[in-house]
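Report on the structure given below.
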Amino acid sequence: MATKAKRPKVTISFELTENRTVDDGLEMNPLQDFLQWCNRVGLVLSNKVCVSKEGTVAEYGMLAEDNIEEGEVLFTIPRSALLHQETTEVSVVLNKESSSLESSSGWVPLLLTLLYEYTSPRSHWKPYLSLWTDFKTLDHPMFWSKEERDGLLRGTGVPDAVDTDLANIQREYTDVVLPFIAKHPDLWNPDTHTLELYTKLVAFVMAYSFQEPQEEEDSEDEDEDEEEKAPNPPMMVPMADMLNHVSNHNANLEFTPGSLKMVCVRPIRKGEEVFNTYGQMANWQLLHMYGFTEPYRSNGNDTADVPVSNLYKVATQGVQSDVDRQLAEEQREVLCRMMQEKGAIVFGKQGCLTDAELHTVLKVLCMSKEEFSEFKDNEGWEEDEEDEISLAFSNEGLPGLKASWKRLIHEAARLTVRSYGDMEEEEGGVKSDQALMEDKAAFEGLSSRKQQALQVRCGQKSILHRLMELTESRFQLQQ
(Lines give C-alpha, C1' and ligand atoms only; values in the text may rest on other atoms or scores of the structure.)
Protein backbone atom coordinates (compact mmCIF):
# COMPACT_ATOMS: atom_id res chain seq x y z
CA MET A 1 0.00 0.00 0.00
CA ALA A 2 1.14 3.54 -0.68
CA THR A 3 -0.10 4.75 2.65
CA LYS A 4 -0.46 3.59 6.19
CA ALA A 5 -3.51 5.61 7.07
CA LYS A 6 -5.17 5.70 10.43
CA ARG A 7 -8.84 5.69 11.29
CA PRO A 8 -9.82 8.35 13.82
CA LYS A 9 -11.55 6.40 16.53
CA VAL A 10 -11.25 8.87 19.37
CA THR A 11 -14.25 10.94 20.33
CA ILE A 12 -13.68 14.68 20.12
CA SER A 13 -14.54 16.12 23.52
CA PHE A 14 -16.46 19.17 22.33
CA GLU A 15 -19.77 19.83 20.64
CA LEU A 16 -19.74 21.36 17.18
CA THR A 17 -21.72 24.60 17.07
CA GLU A 18 -22.01 25.72 13.48
CA ASN A 19 -22.87 29.36 14.30
CA ARG A 20 -20.10 29.88 16.78
CA THR A 21 -17.62 32.13 14.94
CA VAL A 22 -15.09 34.83 15.62
CA ASP A 23 -17.65 37.41 14.42
CA ASP A 24 -19.85 36.46 17.37
CA GLY A 25 -17.08 37.56 19.69
CA LEU A 26 -16.75 33.99 20.99
CA GLU A 27 -13.77 31.71 20.92
CA MET A 28 -13.90 29.21 18.07
CA ASN A 29 -14.33 25.56 18.93
CA PRO A 30 -11.35 23.27 18.20
CA LEU A 31 -12.64 22.01 14.85
CA GLN A 32 -13.22 25.51 13.50
CA ASP A 33 -9.83 26.57 14.79
CA PHE A 34 -8.25 23.57 13.07
CA LEU A 35 -9.95 24.32 9.73
CA GLN A 36 -8.74 27.92 9.82
CA TRP A 37 -5.25 26.65 10.62
CA CYS A 38 -5.47 24.41 7.55
CA ASN A 39 -6.13 27.49 5.42
CA ARG A 40 -3.17 29.31 6.93
CA VAL A 41 -0.72 26.47 6.27
CA GLY A 42 -1.83 26.03 2.65
CA LEU A 43 -3.88 22.87 2.97
CA VAL A 44 -6.33 22.94 0.04
CA LEU A 45 -9.68 21.23 0.62
CA SER A 46 -12.00 20.47 -2.29
CA ASN A 47 -15.39 22.17 -2.14
CA LYS A 48 -16.91 18.75 -2.84
CA VAL A 49 -16.10 17.44 0.67
CA CYS A 50 -16.59 18.55 4.25
CA VAL A 51 -15.54 17.42 7.72
CA SER A 52 -18.56 16.34 9.75
CA LYS A 53 -19.67 14.26 12.71
CA GLU A 54 -23.16 13.70 11.29
CA GLY A 55 -23.56 10.76 8.93
CA THR A 56 -20.12 9.26 9.64
CA VAL A 57 -19.29 5.86 11.10
CA ALA A 58 -17.14 7.10 13.99
CA GLU A 59 -17.41 10.68 15.21
CA TYR A 60 -15.66 13.05 12.82
CA GLY A 61 -15.12 11.96 9.25
CA MET A 62 -15.34 13.32 5.74
CA LEU A 63 -18.49 13.43 3.61
CA ALA A 64 -19.05 14.10 -0.08
CA GLU A 65 -21.12 17.24 -0.68
CA ASP A 66 -21.30 16.50 -4.40
CA ASN A 67 -20.69 13.55 -6.68
CA ILE A 68 -16.96 12.81 -6.93
CA GLU A 69 -15.36 10.97 -9.82
CA GLU A 70 -12.41 8.61 -9.71
CA GLY A 71 -9.12 10.48 -9.82
CA GLU A 72 -10.36 13.71 -8.27
CA VAL A 73 -8.16 15.22 -5.55
CA LEU A 74 -10.06 15.66 -2.28
CA PHE A 75 -7.39 17.67 -0.50
CA THR A 76 -3.72 18.55 -0.84
CA ILE A 77 -1.35 18.90 2.14
CA PRO A 78 1.98 20.72 1.67
CA ARG A 79 4.88 18.89 3.24
CA SER A 80 5.52 21.89 5.47
CA ALA A 81 2.20 21.10 7.22
CA LEU A 82 3.28 17.59 8.21
CA LEU A 83 4.34 17.13 11.82
CA HIS A 84 7.51 15.13 12.43
CA GLN A 85 11.01 15.56 13.82
CA GLU A 86 12.14 17.68 10.86
CA THR A 87 9.31 20.24 11.11
CA THR A 88 9.15 20.70 14.89
CA GLU A 89 10.61 23.68 16.72
CA VAL A 90 13.02 21.30 18.48
CA SER A 91 14.32 19.67 15.29
CA VAL A 92 17.87 20.98 15.76
CA VAL A 93 18.43 19.26 19.09
CA LEU A 94 16.70 16.06 17.91
CA ASN A 95 18.93 15.86 14.83
CA LYS A 96 22.08 16.81 16.69
CA GLU A 97 21.65 13.98 19.19
CA SER A 98 19.86 11.49 16.96
CA SER A 99 22.31 8.69 17.79
CA SER A 100 21.13 8.71 21.43
CA LEU A 101 17.48 8.35 20.36
CA GLU A 102 17.78 5.04 18.58
CA SER A 103 15.36 2.36 19.75
CA SER A 104 13.67 -0.80 18.53
CA SER A 105 10.48 1.12 17.67
CA GLY A 106 12.19 3.93 15.77
CA TRP A 107 9.50 6.27 17.08
CA VAL A 108 11.39 8.17 19.80
CA PRO A 109 12.16 11.33 17.72
CA LEU A 110 8.48 11.71 16.75
CA LEU A 111 7.32 11.00 20.29
CA LEU A 112 9.68 13.62 21.73
CA THR A 113 8.38 15.98 19.06
CA LEU A 114 4.83 15.33 20.20
CA LEU A 115 5.71 15.60 23.89
CA TYR A 116 7.09 19.07 23.22
CA GLU A 117 4.49 20.36 20.75
CA TYR A 118 1.48 18.98 22.64
CA THR A 119 2.41 20.74 25.87
CA SER A 120 3.77 23.99 24.41
CA PRO A 121 1.19 26.82 24.56
CA ARG A 122 3.00 28.54 21.68
CA SER A 123 3.12 25.51 19.42
CA HIS A 124 2.48 26.10 15.72
CA TRP A 125 0.62 22.77 15.80
CA LYS A 126 -1.70 23.63 18.69
CA PRO A 127 -4.89 23.98 16.52
CA TYR A 128 -4.21 20.48 15.20
CA LEU A 129 -3.21 18.81 18.47
CA SER A 130 -6.03 20.51 20.40
CA LEU A 131 -8.48 18.17 18.66
CA TRP A 132 -7.36 15.50 21.15
CA THR A 133 -7.98 16.74 24.70
CA ASP A 134 -5.67 14.67 26.88
CA PHE A 135 -6.33 11.69 24.55
CA LYS A 136 -8.99 10.62 27.05
CA THR A 137 -11.02 8.69 24.53
CA LEU A 138 -8.27 6.59 22.98
CA ASP A 139 -9.49 3.08 23.71
CA HIS A 140 -6.74 0.76 22.56
CA PRO A 141 -6.58 -2.49 24.56
CA MET A 142 -3.42 -1.11 26.20
CA PHE A 143 -5.75 1.17 28.17
CA TRP A 144 -8.02 -1.67 29.27
CA SER A 145 -7.32 -3.38 32.55
CA LYS A 146 -5.30 -6.56 32.29
CA GLU A 147 -8.33 -8.47 33.57
CA GLU A 148 -10.46 -7.06 30.73
CA ARG A 149 -7.86 -7.90 28.10
CA ASP A 150 -7.24 -11.41 29.36
CA GLY A 151 -10.95 -12.08 29.81
CA LEU A 152 -12.47 -10.51 26.71
CA LEU A 153 -9.63 -11.22 24.29
CA ARG A 154 -8.43 -14.59 25.51
CA GLY A 155 -7.04 -16.68 22.67
CA THR A 156 -7.00 -13.84 20.13
CA GLY A 157 -3.33 -12.91 20.44
CA VAL A 158 -4.12 -9.34 21.52
CA PRO A 159 -3.26 -9.70 25.26
CA ASP A 160 0.23 -11.00 24.50
CA ALA A 161 0.82 -8.24 21.93
CA VAL A 162 -0.29 -5.56 24.40
CA ASP A 163 1.85 -6.95 27.22
CA THR A 164 4.84 -6.79 24.88
CA ASP A 165 3.95 -3.23 23.87
CA LEU A 166 3.64 -1.99 27.44
CA ALA A 167 6.94 -3.56 28.45
CA ASN A 168 8.69 -2.03 25.43
CA ILE A 169 7.14 1.40 26.04
CA GLN A 170 8.28 1.48 29.65
CA ARG A 171 11.78 0.28 28.74
CA GLU A 172 12.08 2.83 25.92
CA TYR A 173 10.86 5.67 28.13
CA THR A 174 13.18 4.73 31.00
CA ASP A 175 16.30 3.90 28.98
CA VAL A 176 16.10 6.40 26.11
CA VAL A 177 13.59 9.20 26.73
CA LEU A 178 14.23 10.08 30.37
CA PRO A 179 18.03 10.42 29.97
CA PHE A 180 17.48 12.68 26.95
CA ILE A 181 14.90 14.79 28.81
CA ALA A 182 17.31 15.20 31.72
CA LYS A 183 19.88 16.70 29.36
CA HIS A 184 17.39 19.29 28.05
CA PRO A 185 15.40 20.64 31.03
CA ASP A 186 14.68 23.85 29.08
CA LEU A 187 12.59 21.88 26.57
CA TRP A 188 11.22 18.85 28.42
CA ASN A 189 10.20 18.22 32.00
CA PRO A 190 9.74 14.72 33.49
CA ASP A 191 6.94 16.04 35.71
CA THR A 192 5.00 17.10 32.60
CA HIS A 193 6.30 14.64 30.04
CA THR A 194 5.45 11.54 32.04
CA LEU A 195 5.32 7.85 31.16
CA GLU A 196 1.52 8.15 31.17
CA LEU A 197 1.55 10.91 28.56
CA TYR A 198 4.23 9.07 26.58
CA THR A 199 2.05 5.94 26.48
CA LYS A 200 -0.93 7.96 25.25
CA LEU A 201 1.22 9.45 22.52
CA VAL A 202 2.39 5.99 21.48
CA ALA A 203 -1.27 5.04 21.02
CA PHE A 204 -1.84 8.32 19.15
CA VAL A 205 0.99 7.49 16.75
CA MET A 206 -0.27 3.92 16.36
CA ALA A 207 -3.75 5.11 15.48
CA TYR A 208 -3.12 8.28 13.48
CA SER A 209 0.35 8.36 11.95
CA PHE A 210 1.36 7.63 8.37
CA GLN A 211 4.53 6.18 6.92
CA GLU A 212 5.76 7.19 3.52
CA PRO A 213 6.54 4.12 1.39
CA GLN A 214 10.10 3.39 0.36
CA GLU A 215 10.98 4.37 -3.18
CA GLU A 216 11.20 1.36 -5.46
CA GLU A 217 14.64 0.49 -6.81
CA ASP A 218 15.07 1.12 -10.52
CA SER A 219 17.53 -1.73 -11.00
CA GLU A 220 16.01 -5.14 -11.67
CA ASP A 221 19.35 -6.75 -10.81
CA GLU A 222 19.30 -5.65 -7.20
CA ASP A 223 21.18 -8.09 -4.98
CA GLU A 224 18.58 -10.32 -3.33
CA ASP A 225 20.80 -10.66 -0.26
CA GLU A 226 21.01 -6.92 0.24
CA GLU A 227 19.64 -5.92 3.61
CA GLU A 228 16.16 -4.42 3.46
CA LYS A 229 15.94 -0.71 4.05
CA ALA A 230 14.44 0.37 7.32
CA PRO A 231 10.93 1.79 6.92
CA ASN A 232 10.52 5.54 6.87
CA PRO A 233 9.73 6.98 10.32
CA PRO A 234 6.08 7.77 11.07
CA MET A 235 4.67 11.28 10.75
CA MET A 236 1.44 13.06 11.58
CA VAL A 237 -0.64 14.21 8.60
CA PRO A 238 -3.34 16.72 9.56
CA MET A 239 -6.71 16.28 7.77
CA ALA A 240 -5.73 12.88 6.34
CA ASP A 241 -6.13 11.39 9.80
CA MET A 242 -9.70 12.70 10.00
CA LEU A 243 -10.85 10.07 7.49
CA ASN A 244 -12.36 6.86 8.80
CA HIS A 245 -11.23 3.46 7.57
CA VAL A 246 -12.83 0.51 5.84
CA SER A 247 -11.08 -2.23 3.89
CA ASN A 248 -13.28 -1.45 0.87
CA HIS A 249 -12.10 2.17 0.74
CA ASN A 250 -12.81 4.88 -1.84
CA ALA A 251 -9.81 7.18 -1.34
CA ASN A 252 -6.07 6.79 -1.04
CA LEU A 253 -3.19 9.01 0.05
CA GLU A 254 -0.56 9.69 -2.59
CA PHE A 255 2.91 11.07 -1.90
CA THR A 256 4.58 13.60 -4.21
CA PRO A 257 7.83 15.55 -3.70
CA GLY A 258 6.06 18.73 -2.59
CA SER A 259 2.80 17.53 -1.07
CA LEU A 260 0.50 14.67 -0.11
CA LYS A 261 -2.82 14.26 -1.90
CA MET A 262 -5.95 12.33 -0.97
CA VAL A 263 -7.28 10.97 -4.25
CA CYS A 264 -10.65 9.36 -4.99
CA VAL A 265 -10.07 5.78 -6.23
CA ARG A 266 -13.69 5.03 -7.20
CA PRO A 267 -16.79 7.17 -7.65
CA ILE A 268 -18.32 8.60 -4.47
CA ARG A 269 -21.92 9.76 -4.50
CA LYS A 270 -23.15 12.89 -2.76
CA GLY A 271 -23.79 12.21 0.93
CA GLU A 272 -21.50 9.18 1.13
CA GLU A 273 -18.56 9.05 3.50
CA VAL A 274 -15.00 9.24 2.24
CA PHE A 275 -12.94 6.32 3.53
CA ASN A 276 -9.22 5.74 3.55
CA THR A 277 -7.46 2.46 4.29
CA TYR A 278 -4.11 1.30 5.52
CA GLY A 279 -3.92 -2.11 4.00
CA GLN A 280 -5.09 -5.61 4.70
CA MET A 281 -5.70 -5.70 8.44
CA ALA A 282 -7.43 -8.40 10.47
CA ASN A 283 -9.78 -7.29 13.22
CA TRP A 284 -7.36 -8.29 15.99
CA GLN A 285 -4.73 -6.02 14.38
CA LEU A 286 -7.22 -3.17 14.00
CA LEU A 287 -8.21 -3.42 17.65
CA HIS A 288 -4.65 -3.78 18.90
CA MET A 289 -3.21 -0.87 16.94
CA TYR A 290 -6.14 1.45 16.33
CA GLY A 291 -8.79 0.69 18.93
CA PHE A 292 -11.64 -0.35 16.62
CA THR A 293 -12.91 -3.27 14.55
CA GLU A 294 -14.94 -3.73 11.39
CA PRO A 295 -18.04 -5.95 11.46
CA TYR A 296 -16.38 -9.34 11.24
CA ARG A 297 -18.43 -10.59 8.31
CA SER A 298 -17.47 -7.57 6.20
CA ASN A 299 -13.77 -7.65 6.99
CA GLY A 300 -12.40 -9.81 4.20
CA ASN A 301 -8.92 -9.50 5.69
CA ASP A 302 -9.72 -11.27 8.95
CA THR A 303 -7.31 -13.99 10.06
CA ALA A 304 -6.91 -16.63 12.75
CA ASP A 305 -3.63 -18.05 14.05
CA VAL A 306 -3.07 -21.74 14.77
CA PRO A 307 -0.01 -22.01 17.04
CA VAL A 308 2.66 -24.41 15.76
CA SER A 309 2.73 -25.76 19.31
CA ASN A 310 -0.85 -27.00 18.82
CA LEU A 311 0.16 -28.91 15.69
CA TYR A 312 3.03 -30.43 17.66
CA LYS A 313 0.69 -31.39 20.54
CA VAL A 314 -1.61 -33.22 18.15
CA ALA A 315 1.30 -34.99 16.45
CA THR A 316 2.63 -36.29 19.78
CA GLN A 317 -0.69 -37.41 21.25
CA GLY A 318 -0.50 -41.09 22.13
CA VAL A 319 3.28 -41.31 21.77
CA GLN A 320 4.45 -43.93 24.28
CA SER A 321 7.75 -45.54 23.31
CA ASP A 322 11.08 -43.91 24.05
CA VAL A 323 12.03 -44.16 20.37
CA ASP A 324 8.91 -42.28 19.26
CA ARG A 325 9.37 -39.66 21.98
CA GLN A 326 12.96 -39.07 20.87
CA LEU A 327 11.84 -38.76 17.23
CA ALA A 328 9.14 -36.25 18.19
CA GLU A 329 11.61 -34.18 20.21
CA GLU A 330 14.11 -34.11 17.32
CA GLN A 331 11.34 -33.08 14.93
CA ARG A 332 10.35 -30.27 17.29
CA GLU A 333 13.95 -29.03 17.49
CA VAL A 334 14.26 -29.05 13.70
CA LEU A 335 11.02 -27.10 13.35
CA CYS A 336 12.18 -24.53 15.90
CA ARG A 337 15.29 -23.90 13.80
CA MET A 338 13.44 -23.85 10.48
CA MET A 339 10.54 -21.70 11.67
CA GLN A 340 12.73 -19.34 13.70
CA GLU A 341 10.34 -16.86 15.37
CA LYS A 342 7.26 -17.86 13.37
CA GLY A 343 5.23 -19.42 16.14
CA ALA A 344 1.89 -19.66 14.36
CA ILE A 345 0.29 -20.62 11.06
CA VAL A 346 -2.02 -17.89 9.75
CA PHE A 347 -5.32 -18.73 8.09
CA GLY A 348 -7.55 -16.28 6.24
CA LYS A 349 -11.03 -16.58 4.83
CA GLN A 350 -9.77 -18.28 1.66
CA GLY A 351 -7.22 -20.61 3.19
CA CYS A 352 -3.72 -20.60 4.65
CA LEU A 353 -1.78 -17.35 4.27
CA THR A 354 1.52 -18.89 5.44
CA ASP A 355 1.29 -22.01 3.30
CA ALA A 356 5.04 -22.58 2.95
CA GLU A 357 5.42 -22.70 6.73
CA LEU A 358 2.42 -25.02 7.11
CA HIS A 359 3.82 -27.28 4.41
CA THR A 360 7.11 -27.50 6.30
CA VAL A 361 5.48 -28.26 9.65
CA LEU A 362 3.22 -30.98 8.27
CA LYS A 363 6.00 -32.63 6.31
CA VAL A 364 8.35 -32.80 9.29
CA LEU A 365 5.75 -33.90 11.85
CA CYS A 366 4.39 -36.68 9.65
CA MET A 367 7.79 -38.22 8.80
CA SER A 368 8.60 -41.74 9.84
CA LYS A 369 11.90 -42.38 11.60
CA GLU A 370 13.48 -43.49 8.31
CA GLU A 371 12.15 -40.47 6.37
CA PHE A 372 13.35 -38.10 9.08
CA SER A 373 16.81 -39.66 9.07
CA GLU A 374 17.03 -39.28 5.29
CA PHE A 375 15.78 -35.69 5.60
CA LYS A 376 18.58 -34.85 8.06
CA ASP A 377 21.22 -36.60 5.92
CA ASN A 378 20.14 -34.58 2.87
CA GLU A 379 19.94 -31.36 4.94
CA GLY A 380 16.36 -30.76 3.82
CA TRP A 381 14.29 -31.62 0.78
CA GLU A 382 13.63 -30.33 -2.68
CA GLU A 383 10.89 -27.75 -2.33
CA ASP A 384 7.62 -28.11 -4.19
CA GLU A 385 6.48 -25.37 -6.51
CA GLU A 386 5.06 -22.36 -4.63
CA ASP A 387 1.90 -22.33 -6.75
CA GLU A 388 1.23 -25.99 -5.96
CA ILE A 389 1.67 -25.40 -2.23
CA SER A 390 -0.59 -22.34 -2.31
CA LEU A 391 -3.36 -24.26 -4.07
CA ALA A 392 -3.03 -27.26 -1.73
CA PHE A 393 -3.65 -25.12 1.34
CA SER A 394 -6.45 -22.99 -0.09
CA ASN A 395 -10.05 -23.70 0.89
CA GLU A 396 -10.40 -25.56 -2.41
CA GLY A 397 -7.32 -27.69 -1.80
CA LEU A 398 -7.60 -28.49 1.91
CA PRO A 399 -10.19 -31.31 1.53
CA GLY A 400 -7.81 -33.15 -0.81
CA LEU A 401 -4.80 -33.23 1.51
CA LYS A 402 -3.43 -36.47 2.93
CA ALA A 403 -5.54 -37.82 5.77
CA SER A 404 -2.63 -37.53 8.21
CA TRP A 405 -2.13 -33.86 7.33
CA LYS A 406 -5.83 -33.08 7.59
CA ARG A 407 -6.00 -34.74 11.00
CA LEU A 408 -3.19 -32.52 12.30
CA ILE A 409 -4.82 -29.36 10.95
CA HIS A 410 -8.30 -30.33 12.16
CA GLU A 411 -7.28 -31.21 15.70
CA ALA A 412 -4.91 -28.24 16.01
CA ALA A 413 -7.75 -25.93 14.95
CA ARG A 414 -9.98 -27.59 17.56
CA LEU A 415 -7.36 -26.97 20.26
CA THR A 416 -7.11 -23.35 19.16
CA VAL A 417 -10.87 -22.84 19.39
CA ARG A 418 -10.80 -24.19 22.94
CA SER A 419 -8.17 -21.60 23.89
CA TYR A 420 -10.84 -18.89 23.62
CA GLY A 421 -12.73 -20.40 26.52
CA ASP A 422 -15.78 -20.93 24.35
CA MET A 423 -18.97 -19.88 26.07
CA GLU A 424 -20.71 -22.83 24.43
CA GLU A 425 -18.92 -25.02 26.95
CA GLU A 426 -19.81 -22.91 29.98
CA GLU A 427 -22.69 -23.69 32.29
CA GLY A 428 -25.51 -21.43 33.36
CA GLY A 429 -27.08 -20.80 29.98
CA VAL A 430 -24.56 -18.12 28.95
CA LYS A 431 -25.04 -17.23 25.30
CA SER A 432 -22.33 -18.24 22.86
CA ASP A 433 -20.36 -15.57 21.00
CA GLN A 434 -22.24 -16.30 17.79
CA ALA A 435 -25.62 -16.13 19.52
CA LEU A 436 -24.71 -12.76 21.05
CA MET A 437 -23.63 -11.46 17.67
CA GLU A 438 -26.87 -12.53 16.03
CA ASP A 439 -29.06 -11.08 18.82
CA LYS A 440 -29.14 -7.41 17.88
CA ALA A 441 -30.62 -6.26 21.19
CA ALA A 442 -28.14 -8.28 23.21
CA PHE A 443 -25.21 -7.03 21.13
CA GLU A 444 -26.24 -3.38 21.41
CA GLY A 445 -26.55 -3.83 25.17
CA LEU A 446 -22.88 -4.69 25.43
CA SER A 447 -20.20 -2.12 26.23
CA SER A 448 -18.07 -0.85 23.36
CA ARG A 449 -15.13 -2.94 24.54
CA LYS A 450 -17.22 -6.10 24.71
CA GLN A 451 -18.59 -5.42 21.22
CA GLN A 452 -15.11 -4.96 19.77
CA ALA A 453 -13.79 -8.08 21.49
CA LEU A 454 -16.78 -10.05 20.25
CA GLN A 455 -16.11 -8.98 16.66
CA VAL A 456 -12.52 -10.19 16.99
CA ARG A 457 -13.42 -13.53 18.57
CA CYS A 458 -16.25 -14.30 16.15
CA GLY A 459 -14.11 -13.46 13.15
CA GLN A 460 -11.29 -15.73 14.25
CA LYS A 461 -13.51 -18.59 15.37
CA SER A 462 -15.52 -18.54 12.13
CA ILE A 463 -12.28 -19.09 10.19
CA LEU A 464 -11.24 -21.91 12.53
CA HIS A 465 -14.65 -23.61 12.34
CA ARG A 466 -14.52 -23.41 8.55
CA LEU A 467 -11.03 -24.90 8.64
CA MET A 468 -12.32 -27.77 10.77
CA GLU A 469 -15.16 -28.40 8.32
CA LEU A 470 -12.77 -28.57 5.38
CA THR A 471 -10.53 -31.08 7.14
CA GLU A 472 -13.18 -33.37 8.64
CA SER A 473 -12.86 -37.10 8.11
CA ARG A 474 -15.57 -37.21 5.46
CA PHE A 475 -13.25 -35.18 3.24
CA GLN A 476 -10.38 -37.67 3.59
CA LEU A 477 -9.97 -38.75 0.01
CA GLN A 478 -6.61 -40.47 0.31
CA GLN A 479 -4.43 -42.03 2.98
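The values are calculated or read from the model by the stated rules, or taken from the named source; none is laboratory data. On a predicted model such as this, the values are computed, not experimentally measured, just so you know. No Cβ is skipped: glycine too gets one built from the backbone with ideal geometry, and neighbour counts run over all protein chains shown. We work out accessible area using only protein heavy atoms, side chains counted, and drop any ligands, DNA or RNA first. Shrake-Rupley method; radii C 1.70, N 1.55, O 1.52, S 1.80 Å.
Odds and ends about this structure:
- Debye log10 I(q)/I(0) at q = 0.05, 0.09 Å⁻¹ for the chain, Cα point scatterers: -0.24, -0.75
- Principal-axis analysis of the Cα atoms of the chain puts helix 195-208 at an angle of about 80° to the longest axis.
- Carbon and sulfur %, accessible surface of the chain computed with the full protein complex present, 1.4 Å: 47
- FRET E, pair Glu330, Ala230, Förster distance 45 Å, beta-carbon r, rounded to 0.05: 0.75
- Under DSSP loop assignment and at most 13 Cβ neighbours within 10 Å, longest trypsin sites (Lys or Arg not before Pro)-free interval of the chain: 298-479
- Using a Förster distance of 30 Å, the FRET efficiency for Arg266-Asp439 (Cβ separation, nearest 0.05): 0.30
- For Asp150 and Glu374, the FRET efficiency from 1/(1 + (r/R0)^6), where r spans their Cβ atoms and R0 equals 51 Å, is about 0.70.
- In this rough spin-label picture, where each label sits 7 Å from Cα along the Cβ direction, the Glu89-Thr137 distance is 2.8 nm.
- Kirkwood Rh in Å, taken over all unlike Cα pairs in the range 265-370: 16.9
- Seen against the Cα atoms of the chain and their longest principal axis, helix 355-365 is set at about 30 degrees.
- Where only DSSP H runs of four or more residues are counted, the chain gives -11500 deg cm²/dmol as its mean residue ellipticity at 222 nm, each run worth -39500 (n - 2.57).
- For Glu86, solvent-accessible area (1.4 Å; no DNA, RNA or ligand), Å²: 110
- Charge dipole of the chain about the Cα centre (unit charges at C-beta), most positive-ward option of Leu112, Asn244, Ser99: Asn244
- Gain upon complete extension [His184, Glu215; 0.36 nm per residue less C-alpha separation]: 7.6 nm
- Between Thr174 and Glu70, the modelled labels are 5.4 nm apart [label points 7 Å from Cα along Cα→Cβ].
- Compared with the direct C-alpha span, the chain from Cys50 to Gln320 gains 90.3 nm at full extension, assuming 0.36 nm per residue.
- Accessible-area value, Met281, 1.4 Å probe, nucleic acids and ligands omitted, Å²: 30
- Compared with the direct C-alpha span, the chain from Lys96 to Glu254 gains 53.8 nm at full extension, assuming 0.36 nm per residue.
- Charged side chains reduced to their Cβ positions (Lys and Arg at +1, Asp and Glu at -1) give the chain a dipole of some 2020 debye around its Cα centre.
- Folded to 0 to 90 degrees: helix 30-40 orientation relative to the chain principal axis, Cα: 80
- One quarter of the surface of the convex hull around the alpha-carbon atoms of the range 95-161 equals 6.6 nm², the direction-averaged projected area.
- Inter-label distance, Glu196 to Thr164: 2.8 nm, where each label sits 7 Å from its Cα along the C-beta direction.
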